[in-house]
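**Student:** One structure, pasted below without further comment.
The values are calculated or read from the model by the stated rules, or taken from the named source; none is laboratory data. Keep in mind that what you see is a predicted model, and the values were worked out from it rather than measured. Counting neighbours? That spans all protein chains shown, and the Cβs are built from the backbone with ideal geometry, glycine included. Surface accessibility is based on the protein's heavy atoms, side chains included, excluding ligands, DNA and RNA. Shrake-Rupley method; radii C 1.70, N 1.55, O 1.52, S 1.80 Å.
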Amino acid sequence: MAFGILTRLEGPQTLGRGPAFWGGFLLVLAAACAYPLFADGYTVGNTVYFFTWVFMALGLSVIWGYCGALSFGQTAFFGIAGYGYGILTINFGSAYGFTLIALVIAVALACLFAALLGYFLFYGRIAGVFLGIVTLSVTLVLERFMAQTAGPEWRIGAARLNGFNGMSNMPQLTIPWPGGDVVLFPDVELYYVVLGLMVLVYLALRILLNSRFGNVIVAIRENPERAEMLGYDVRRYQLVAFVIGAALAGLSGVLYTTWGQYITPSSMGMTAAALPIVWVAVGGRSDITTTLVGTLAVLSGFQTLTIYGSQYALVVMGLLLVVTVLAAPRGLVMALADVLARPFRRKGEGA
Amino acid sequence: MALLETRSLNKHFGGLHVTNSVDLSLEAGEIHCLIGPNGAGKSTLFRLILGEHRPSSGTIAFAGEDITGLHSFERIRRGISVKFQVPGVFKGLSARQNLEIALQRRLAGAALAREISRLLDFLGLGAAADTPAGSLSHGQKQWLEIGMAIALEPRLLLLDEPTAGMSPEETHLTGELVRRLNGEGMTVLAVEHDMAFVRQVAHKVTVLHLGRVFAQGSIDDIVADERVAAIYLGQAHA
Amino acid sequence: MRKEVILSTLGLRAGYGGKPVLQGLDVEIREGEIVAIIGRNGVGKSTLMKSLIGLVPAMEGSILYKGAAIEALPPHRRARLGLGYVPQGRDVFPRLTVAENIAVGAAIRGRAEPEALAPILEAFPILKERWAQRAGTMSGGQQQQLAIARVLIARPSLILLDEPSEGIQPNIVQDIARNMVALNAATGVTVVLVEQNIDMIRAMAQRCYVMDKGRIVAALDRAALDDAQEMRRHLAV
Amino acid sequence: MDLATLLFSALYQFGDAFAFLVLSACGLAVIFGMMGVINLAHGEFIMCGAYVSVSAARAGLPLPLAVLAGALASGLAGMVIERLVIRHLYERPLDTIVATWGISLIATQGTLILLGSSLQGIGTPLGGFQVGAYSYSLYRVVLFLSALAVLAALYALFNWTKFGVIARATIQVPHMAAALGVDTRLIYSLTFGLGAALAGLAGGLYAPTMTLVPTMGATFIMEAFVTVVVGGADVFLGTAPAAAILAIVKASMTSWQGQLFGQIGLLVTVIVVIRILPRGLSGFLLRERA
Amino acid sequence: ADPVKIGVLEDQSGDFAVATIGKVHAIQLAADEINKAGGIAGRPVELVIYDTQSDNTRYQEFMRRVLQRDKVDVVFAGFSSASREAYRPIVDQLNGFAFYNNQYEGGVCDGHMIVTGAVPEQQFSTLIPWMMEKYGKKVYTLAADYNFGQISAEWVRQIVKQNGGEMVGEDFIPLGVSQFSQNIQNIQKAKPDFVVTLLVGTAQASYYEQAAAANVNLPMASSVNVGQGYEHKRFKPPSLKDMYVTTNYIEEIDSPKSKEFVAKFKAKFPNEPYVNQEAENSYLAVYLYKQMVERAKSTKRDDIRKVIAQGDVCMDAPEGKVCIDPKSQHMSHTIYLAKVGADHSITFPKVWEDIKPYWLGEAGCDLTKKDPMAQYTPSNPPPKN
Ligand SMILES: Nc1ncnc2c1ncn2[C@@H]1O[C@H](COP(=O)(O)OP(=O)(O)OP(=O)(O)O)[C@@H](O)[C@H]1O
Ligand SMILES: Nc1ncnc2c1ncn2[C@@H]1O[C@H](COP(=O)(O)OP(=O)(O)OP(=O)(O)O)[C@@H](O)[C@H]1O
Ligand SMILES: NC(N)=O
Ligand SMILES: [Mg+2]
Ligand SMILES: [Mg+2]
């Protein structure tokens, strides 16, 4: 049985297999679990912050890296879920674990929107850069629209949309608990919840991508016409992948919103929309493990640069991006793995 | 009853009338070859049958059902399968995965794995099983695509120039394969310029010219037809 | 009165991603010859053609053209030295019209010269008929004809033809063979022909190399080409 | 108000929006539409053109020459960047998103570090003119005419010259173009340089009317991408009608409900047009013609 | 002695850098001066500076960092209101203490915050009546389409009405828009006596050049341009001719204190393009903080707020005398009316002294009694009770 699950976690669609990989995985997981015991509140909270973005990156990896449809508008789902969470919790508070329900509803809203948009796009056979630009346009429309909702007329119940300044002070996630709810501050409490979610999502995606579904979406990436001629309804698979990607972006949106008790239209703007693409591309888009590692690496790398790089930080970031793309065509993570594996390779193998 | 039947099928591209009132009827169990000059509309007819193009007018029936309005994947699910003129494989995926994707709608688990290895060996791709399909030679791609097409176990198999780029030996093997599949009950419609192949397999031959059915009959009838020689075969076969 | 060697390879190794497909291959083509290369699928025929024109880099060995080593030159320099290449799978420029495809072929010579164009359009009348059609919407065989015409227009001194008969209707295959032979007789153009179509080989080639696993394993003369038994044996290697 | 005045003002607003869309887009149309390179540094080429034009004008060059100098400088910068970076990415166009994003960061922040947070403007030349109750800027008319000239020149270049045909061939099937004797590296370099120069031209032309800051390119980006994509794959067929349609939408929405609606209208038009014509306008025009 | 640590989060790159690099320099200048003079209560001042890159998420990241990791005593942070709202929940959550040294739309009633920038009532209650008296009662507003612009426009509307004037038009411009031909025509059509331009960000500033090129020769009034983005220095004359701006500081102010300030500033930062009002706000904020810490004998926020509650935290800033209002923890200002001439030189037709940030207190915000940690607007005032 356990073996059965394990084989379903592996396959041609995901890197890493066998006892060595899973041993390493458990080791990393154990380290991640133990780490808050040794780190200060800032570091833990900051790590949670990095984790919140990972879901959106994984979602983009599914829709772009695996299914071949570049969505430039993942931030639209991020924003919808973030605002959704804000509106719900500002109106209904956090009692009785409602924040968790709000999380689910907010993600569902993002999915619903993605399903409508995806239907419109994929059933209209929009592909390639056209898809990218339409999704980008959607997120920009949302941004422009939300930016001008400063006025008092823009309110949903008790929640003011509050324009460009953004919506703030929504309740944080709470877990109902006998003898007092556990409020998930961006510290150890939230850390374990988000880490748990991340592991769950990662493993679930591995199973999904190595299933028949995963086979079909990579087939669509490689040659949609051929996939259709094998009897697959390409549009439906694309739509499902798109909705999965949106759900993950929405999850990121909710987590981000509770982390800083804040969500703003700029979260759906041009820069915000481009960032997930950069993380995913730098890590290596066609694998969720490289995406996960790459996203964390880019996020922490850029933050570190901003802290220590003074005015040169952005220049160095730019240079790093260019160099990475040139030197590591399959993404940063694979390039590193190649370098690390080099001493172990037998002589004469390859050239 | 005819397995596939097109009724006064027409297709225009702008001012170009590429398919012109084609009535083609395919009996279940036959191997039917479609020949004709370059640009006669053979591949276009395939695309119409597959639903890649919408006909300008006319209908297509498969096993008695009107499929003119169906999406391609729906037609495939009813039992049609195709190998295109330009090989359409999943370039970034291994040959093995290519076959898995074709087979997984029918098989799963150990049976799937068994069938994949069987097909790989059968197609002569055993050594190239883990090579990305994009790195295969032209002929190897052709074989792989034929493999994917037959993996669906269709009732009707469409082959567009299956032996292009194959050596005479391999062409012959392909012919034998087609006959065996036919023996197992598969109906085949093949486009080919290789007359040896046509002679080897065809029960019936249709000649398309300028989008119209120009001649129809046994291979001997066709080869003997001077008009066909004039537009298509040339002196060597006449 | 043996003619000069125009193109030869010596110990040529070439392939993809560091893995050689050609395993030290030697051929010698003389000026004005039509030489065929045969072999089963995947033995490296197309790879040889690509490395001759420069699309696959030589890893080892040399390619001499008119006495000069060209293995280090990029493809466009080789084309300008007079090599023409018709790839397997046509590779026409899909969103250019037929006319524009031909213009690109003629670009090395400046513009398409009418006196060069006329015989080509005569040989391939469909091209004239579809002069303004986008190449990507042409039928497979029409594209193949365009690919051949696109190279002829530049009047190369050596043409590399990779399975030119593929997808072309029988009578035009015969026409192409006849035209190439006539061209060869008239201008002395050298032709290297990769083919599976025995009829075409017989109609064109003066001799033939047999390839297997990246090497030349036999060289057949004209007599051997006409020997059906012999040919079948080699094609089935 | 009389009809002629009304008509002229409508025309002027349309022309103004049209010029902005076309000039923003044309450089991108060459680089993205022709080469498939998603150039997120497009705005920085525009900024480069603007900065060089203004500096040249300040140094005493007449404005038209200064604008050309800006275009030239951008073009050269483009060729250098093509050689150093873009050249290695033609096989994987999506990676150009990341690389050009990086270049854009370097360019904006580098400009800030080297030249400070802003540059003094040079003022709009030519003054205004009066039609009916309204006065207009004459320079805006020049912008409109420049947009038309650029469109015509591009169309001619890519359809009627040898360079144009070869460039399009190279971009479609590079290895085959090389095998036919085309120096594809040179063509890529020139094409990218041309795109960058057109961006620089836009920057130079708009420089007298705008704030000069390192991030100024950003205000062109959305319009540029939107126009190119609505235009579709064949940029020389698509850009002009795309800009025309978008300009009509933008100008009328803006005059009806203000700039917000102008912008949202623009984006919604993109979504609708692509949905109706999944290959953009040129895809539609070509299908009809075939 | 242990240093007093001040966190500084300002945009040194990105869109807002034009207006905000000077704020960092001003804080560095003040810190230097204070350290030379013996520090704050004998403790040296230490600055912990991060570049927030005009990016809200950087404010969130670094606000946590300065409070939790660097454990600063106070944070000086933010240019745009969005960035302030991005970090404010974190300041509240972590019980920090922050100065927002920027003019803004007003309304923040939050005990964790002190605001040294000017607010609309200070700038518009002075500017608009003066303009109406001089030029006429028909007013057109061109404003950035977000909180700052919308709320400022609301103030303008109210004040125009109170003074018997008429709004003949209002146009809102999304941030980042740089093309204004349609707005220019709308203005000509409405024929106002003057135009109130509340344009934010460098892209929107392009309006001035484009309006001038189209011969719109109307007087203009603003609370944000010139004082913040020094457009009169960046554009070629005479595009800002007849522009009137109320600001609590700009470098042309001709008082001895101001001249001394500018001189010190340019001596330390010779390449500084301009000393704007936010630079002065930031500079005086450091001195205000020094005073409060020394009087409270503590850097604890609660102790300092007790000092503020006494209502006499005042100082002589480069602009003149300023005081902190205990109810709102905003600041009173000297408001200068700056007029831009045809050659872009500045004159000051009028100066108002000690203009109080009255609205929040009158509307019901009283931080000495209750801390709602919220932002209010005239159309969304504090709940009455
Ligand atoms: N999209 C299109 N637009 C315009 N013309 C087209 C299009 N597709 C096909 N054609 C034309 O339709 C005709 C039929 O093409 P088709 O590909 O069906 O020929 P075919 O019989 O398969 O030829 P071949 O033997 O060369 O493969 C050709 O003349 C071709 O140029
Ligand atoms: N682009 C490529 N990348 C990697 N390997 C390749 C590539 N193209 C061909 N190969 C490999 O090189 C070998 C020789 O291929 P090549 O195309 O030269 O064969 P060929 O003799 O022309 O065969 P065919 O008759 O099928 O055209 C094959 O094993 C093939 O898998
Ligand atoms: N605070 C401002 N100007 O946004
Ligand atoms: Mg065909
Ligand atoms: Mg080959």
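**Student:** Report whether or not E:GLN277 is within 19 Å of the chain's Cα centre (by Cα), on the phi > 0 side of the Ramachandran plot and of a type outside the set (A, V, I, L, M).
**Tutor:** On the way: within 19 Å of the chain's Cα centre (by Cα): yes; on the phi > 0 side of the Ramachandran plot: no; of a type outside the set (A, V, I, L, M): yes.
No; evaluated as a whole, the condition is false for this residue.
**Student:** Have a look at B:ILE35, B:ILE67 and point out the one that is more than 16 Å from ligand 2 (Cβ to nearest atom) and buried (at least 23 other Cβ atoms within 10 Å of the Cβ).
**Tutor:** Just a single option satisfies the conditions, and that option is B:ILE35.
**Student:** Next question, about the same structure. Step by step: first the residues of region B:38-56, then only those that are open to solvent by 10 Å² or more (accessible area, probe 1.4 Å) and not in a loop (DSSP other than H, G, I, E, B), then the one that is nearest to ligand 5 (Cβ to nearest atom). Which residue is that?
**Tutor:** Per the stated criteria, the residue is B:SER43.
**Student:** Would a scan of region A:284-291 turn up a residue that is at pLDDT 90 or above, not assigned by TED's automatic domain parsing to the domain that holds A:VAL183 and not in a helix (DSSP H, G or I)? Lay out the reasoning, then the answer.
**Tutor:** We begin by selecting, within region A:284-291, every residue at pLDDT 90 or above; these are A:287-291.
When the remaining residues are screened for being not assigned by TED's automatic domain parsing to the domain that holds A:VAL183, the result is A:287-291.
Then keep just the ones that are not in a helix (DSSP H, G or I); that gives A:287.
Looking through region A:284-291, at least one residue is at pLDDT 90 or above, not assigned by TED's automatic domain parsing to the domain that holds A:VAL183 and not in a helix (DSSP H, G or I).
**Student:** Given the structure, is B:THR163 buried (at least 18 other Cβ atoms within 10 Å of the Cβ), within 16 Å of ligand 4 (Cβ to nearest atom) and within 23 Å of B:GLY36 (Cα to Cα)? Walk me through it before giving the result.
**Tutor:** Working: buried (at least 18 other Cβ atoms within 10 Å of the Cβ): yes; within 16 Å of ligand 4 (Cβ to nearest atom): yes; within 23 Å of B:GLY36 (Cα to Cα): yes.
Yes.
**Student:** To continue, here is another question. Within region D:224-234, track down each residue that is within 12 Å of the chain's Cα centre (by Cα) and open to solvent by less than 10 Å² (accessible area, probe 1.4 Å). Step through it out loud before you land on a result.
**Tutor:** Residues of region D:224-234 that are within 12 Å of the chain's Cα centre (by Cα), as a first pass: D:224-228.
Within region D:224-234, D:ALA224, D:VAL226, D:THR227, D:VAL228 qualify.
**Student:** While we're looking at this one, here's another question. List the number of the failed condition for B:ILE76; all other conditions in (1) more than 14 Å from chain C (Cβ to nearest Cβ); (2) within 16 Å of ligand 1 (Cβ to nearest atom) hold.
**Tutor:** (2)
Table: residues versus (1) within 13 Å of chain A (Cβ to nearest Cβ); (2) surrounded by fewer than 24 Cβ atoms within 10 Å (Cβ to Cβ); (3) farther than 16 Å from E:MET132 by Cα; (4) more than 16 Å from ligand 5 (Cβ to nearest atom).
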position: E:ALA143; (1), (2), (3), (4): yes, no, yes, yes
position: E:ILE159; (1), (2), (3), (4): no, yes, no, yes
position: E:PHE172; (1), (2), (3), (4): yes, yes, yes, yes
position: E:GLY176; (1), (2), (3), (4): yes, yes, yes, yes
position: E:PHE180; (1), (2), (3), (4): no, no, yes, yes
position: E:THR197; (1), (2), (3), (4): no, no, no, yes
position: E:ALA211; (1), (2), (3), (4): no, no, yes, yes
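**Student:** Just one of E:LYS369, E:LYS350, E:LYS384 is in contact (Cβ under 8 Å) with a residue 24 or more places away in the chain, more than 14 Å from chain A (Cβ to nearest Cβ) and basic (Lys, Arg); which is it? Talk me through it step by step, then tell me what you get.
**Tutor:** Values: E:LYS369 fails: in contact (Cβ under 8 Å) with a residue 24 or more places away in the chain; E:LYS384 fails: in contact (Cβ under 8 Å) with a residue 24 or more places away in the chain.
So the residue among E:LYS369, E:LYS350, E:LYS384 that is in contact (Cβ under 8 Å) with a residue 24 or more places away in the chain, more than 14 Å from chain A (Cβ to nearest Cβ) and basic (Lys, Arg) is E:LYS350.
**Student:** Related question: Among the residues of region E:229-256, write down those that are among the basic types (Lys, Arg) and either touching a strand residue (DSSP E or B) at 6+ places or on another chain (Cβ under 9 Å) or part of a loop (DSSP other than H, G, I, E, B) (or both).
**Tutor:** Start the filter on region E:229-256 by keeping residues that are among the basic types (Lys, Arg), which leaves E:233-234, E:236, E:241.
E:ARG234, E:LYS236, E:LYS241 - these are the residues of region E:229-256 that are among the basic types (Lys, Arg) and either touching a strand residue (DSSP E or B) at 6+ places or on another chain (Cβ under 9 Å) or part of a loop (DSSP other than H, G, I, E, B) (or both).
**Student:** Residue under question is B:GLY29, and the condition is that it be without any contact (Cβ under 8 Å) to a residue 60 or more places away in the chain and either outside any loop (DSSP other than H, G, I, E, B) or more than 30 Å from A:ARG8 (Cα to Cα) (or both); does it hold?
**Tutor:** Numbers: without any contact (Cβ under 8 Å) to a residue 60 or more places away in the chain: no; either outside any loop (DSSP other than H, G, I, E, B) or more than 30 Å from A:ARG8 (Cα to Cα) (or both): yes.
Answer is no for this residue.
**Student:** I'd like to know if region D:215-229 contains one or more residues that are within 8 Å of chain E (Cβ to nearest Cβ), part of a loop (DSSP other than H, G, I, E, B) and at pLDDT 85 or above. Break it down stepwise before answering.
**Tutor:** Of region D:215-229, the ones within 8 Å of chain E (Cβ to nearest Cβ) are D:215-216, D:218-219.
Keeping just the survivors that are part of a loop (DSSP other than H, G, I, E, B) gives D:215-216.
Still in the list and also at pLDDT 85 or above: D:215-216.
Yes, region D:215-229 has at least one match.
**Student:** Can you work out which of the residues in region E:96-125 that are farther than 27 Å from E:ASP70 by Cα and among the acidic types (Asp, Glu) is nearest to ligand 4 (Cβ to nearest atom)?
**Tutor:** For region E:96-125, the residue satisfying everything is E:GLU105.
**Student:** Among the residues of region E:289-325, which ones are touching a His at 6+ places or on another chain (Cβ under 8 Å) and closer than 19 Å to E:ASP110 by Cα?
**Tutor:** E:ARG301, E:ILE324
**Student:** Still on this structure: Give me a count of the residues in region D:86-139 that are within 14 Å of chain A (Cβ to nearest Cβ) and either under 24 Å from E:ALA190 (Cα atoms) or part of a helix (DSSP H, G or I) (or both). Full working, then the answer.
**Tutor:** Initially, region D:86-139 is screened for residues within 14 Å of chain A (Cβ to nearest Cβ), giving D:86-117.
Subset that is either under 24 Å from E:ALA190 (Cα atoms) or part of a helix (DSSP H, G or I) (or both): D:86-89, D:95-115.
Looking only at that region, the number is 25.
**Student:** Between a first residue in region D:177-198 that is within 12 Å of another protein chain (Cβ to nearest Cβ) and a second residue that is not in a helix (DSSP H, G or I), which pairs have beta carbons less than 6 Å apart while being 6 or more apart in sequence or on different chains?
**Tutor:** Cβ pairs passing all conditions: D:ALA179/C:TYR85.
**Student:** Out of curiosity, is E:LYS241 modelled with pLDDT of 95 or more and open to solvent by 10 Å² or more (accessible area, probe 1.4 Å)?
**Tutor:** Values: modelled with pLDDT of 95 or more: no; open to solvent by 10 Å² or more (accessible area, probe 1.4 Å): yes.
Spelling it out, it is not the case that E:LYS241 is modelled with pLDDT of 95 or more and open to solvent by 10 Å² or more (accessible area, probe 1.4 Å).
**Student:** In the set C:GLN169, C:GLN206, C:GLN143, C:GLN174, which member is within 16 Å of ligand 1 (Cβ to nearest atom), at pLDDT 90 or above and in contact with a helix residue (DSSP H, G or I) (Cβ under 7 Å, 6 or more places away or on another chain)?
**Tutor:** Values: C:GLN169 fails: at pLDDT 90 or above; C:GLN206 fails: within 16 Å of ligand 1 (Cβ to nearest atom); C:GLN174 fails: at pLDDT 90 or above.
Criteria check complete, one pass: C:GLN143.
**Student:** Of all the helices (runs of 4 or more DSSP H) wholly in region E:1-109, which have at least 3 residues that are in contact (Cβ under 8 Å) with a residue 12 or more places away in the chain and surrounded by fewer than 23 Cβ atoms within 10 Å (Cβ to Cβ)?
**Tutor:** Working: elements: E:17-36, E:56-64, E:81-93.
Output list reads E:17-36.
**Student:** Please go through (1) more than 8 Å from every other protein chain (Cβ to nearest Cβ); (2) without any contact (Cβ under 8 Å) to a residue 40 or more places away in the chain; (3) within 16 Å of ligand 4 (Cβ to nearest atom) for B:ASP221 and return the number of the only condition it doesn't satisfy.
**Tutor:** Every listed condition holds for B:ASP221 apart from (3).
**Student:** When region C:53-73 is examined, which residues are found to be touching a Lys or Arg at 6+ places or on another chain (Cβ under 8 Å) and either assigned to a loop (DSSP other than H, G, I, E, B) or within 15 Å of ligand 2 (Cβ to nearest atom) (or both)?
**Tutor:** The answer is C:ILE53, C:GLY54, C:VAL56, C:ALA58, C:MET59, C:ILE70.
**Student:** Taking the options E:VAL226, E:VAL177, E:VAL196, E:VAL160, name whichever one is in a helix (DSSP H, G or I) and away from ligand 1 (no atom under 16 Å from the Cβ).
**Tutor:** Working: E:VAL226 fails: in a helix (DSSP H, G or I); E:VAL177 fails: in a helix (DSSP H, G or I); E:VAL196 fails: in a helix (DSSP H, G or I).
After ruling out the rest, the residue left standing is E:VAL160.
**Student:** Restricting region B:30-56 to residues that are of a type outside the set (A, V, I, L, M, F, W, C), away from chain C (no Cβ under 14 Å) and within 19 Å of B:GLU192 (Cβ to Cβ), which is farthest from the chain's Cα centre (by Cα)? Show your work before the answer.
**Tutor:** Going through region B:30-56, the residues of a type outside the set (A, V, I, L, M, F, W, C) turn out to be B:30, B:32, B:36-39, B:41-44, B:47, B:51-56.
So of that shortlist, the ones also away from chain C (no Cβ under 14 Å) come out as B:30, B:32, B:51, B:54-56.
Within this subset, residues satisfying the condition of being within 19 Å of B:GLU192 (Cβ to Cβ) are B:30, B:32.
Working: B:GLU30: 13, B:HIS32: 10 Å.
Applying the filter and picking the extreme gives B:GLU30.
**Student:** A further question on this structure: If you go through region A:248-283 one residue at a time, how many are of a type in the set (Ser, Thr, Tyr) and either facing chain E (nearest Cβ under 10 Å) or open to solvent by 10 Å² or more (accessible area, probe 1.4 Å) (or both)? Outline the logic, then answer.
**Tutor:** Of region A:248-283, the ones of a type in the set (Ser, Thr, Tyr) are A:252, A:256-258, A:262, A:264, A:266-267, A:271.
Keeping just the survivors that are either facing chain E (nearest Cβ under 10 Å) or open to solvent by 10 Å² or more (accessible area, probe 1.4 Å) (or both) gives A:256, A:262, A:264, A:266-267, A:271.
Residues in region A:248-283 being of a type in the set (Ser, Thr, Tyr) and either facing chain E (nearest Cβ under 10 Å) or open to solvent by 10 Å² or more (accessible area, probe 1.4 Å) (or both): 6 in total.
Every residue, every condition in (1) over 21 Å from the mean Cα position of the chain (by Cα); (2) open to solvent by less than 10 Å² (accessible area, probe 1.4 Å); (3) within 26 Å of C:GLY17 (Cα to Cα), yes or no:
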residue: B:GLN104; (1), (2), (3): yes, yes, no
residue: B:ALA110; (1), (2), (3): yes, no, no
residue: B:ARG118; (1), (2), (3): yes, no, no
residue: B:GLY124; (1), (2), (3): no, no, yes
residue: B:ALA128; (1), (2), (3): yes, no, yes
residue: B:HIS138; (1), (2), (3): no, no, yes
residue: B:ALA151; (1), (2), (3): no, yes, no
residue: B:SER167; (1), (2), (3): no, yes, no
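**Student:** Which one is nearest to E:GLU319 (Cα to Cα) among residues in region E:332-349 that are of a type outside the set (A, V, I, L, M, F, W, C) and surrounded by 15 or more Cβ atoms within 10 Å (Cβ to Cβ)? Don't jump to the end; show me each part of the working.
**Tutor:** Narrowing region E:332-349 to residues of a type outside the set (A, V, I, L, M, F, W, C): E:332-334, E:336, E:339, E:341, E:343-345, E:347, E:349.
Next, only the ones that are surrounded by 15 or more Cβ atoms within 10 Å (Cβ to Cβ) stay: E:332-334, E:336, E:339, E:341, E:344.
Working: E:SER332: 11, E:HIS333: 8, E:THR334: 6, E:TYR336: 9, E:LYS339: 17, E:GLY341: 21, E:HIS344: 21 Å.
Among them, the one singled out is E:THR334.
**Student:** Does region C:18-52 hold any residues that are at negative phi and part of a loop (DSSP other than H, G, I, E, B), and which are they? Reasoning before the result, please.
**Tutor:** Let us first name the residues in region C:18-52 that are at negative phi, namely C:19-23, C:25-31, C:33-38, C:40-41, C:43, C:45-52.
Result: C:GLU31, C:GLU33, C:ARG40, C:ASN41, C:VAL43.
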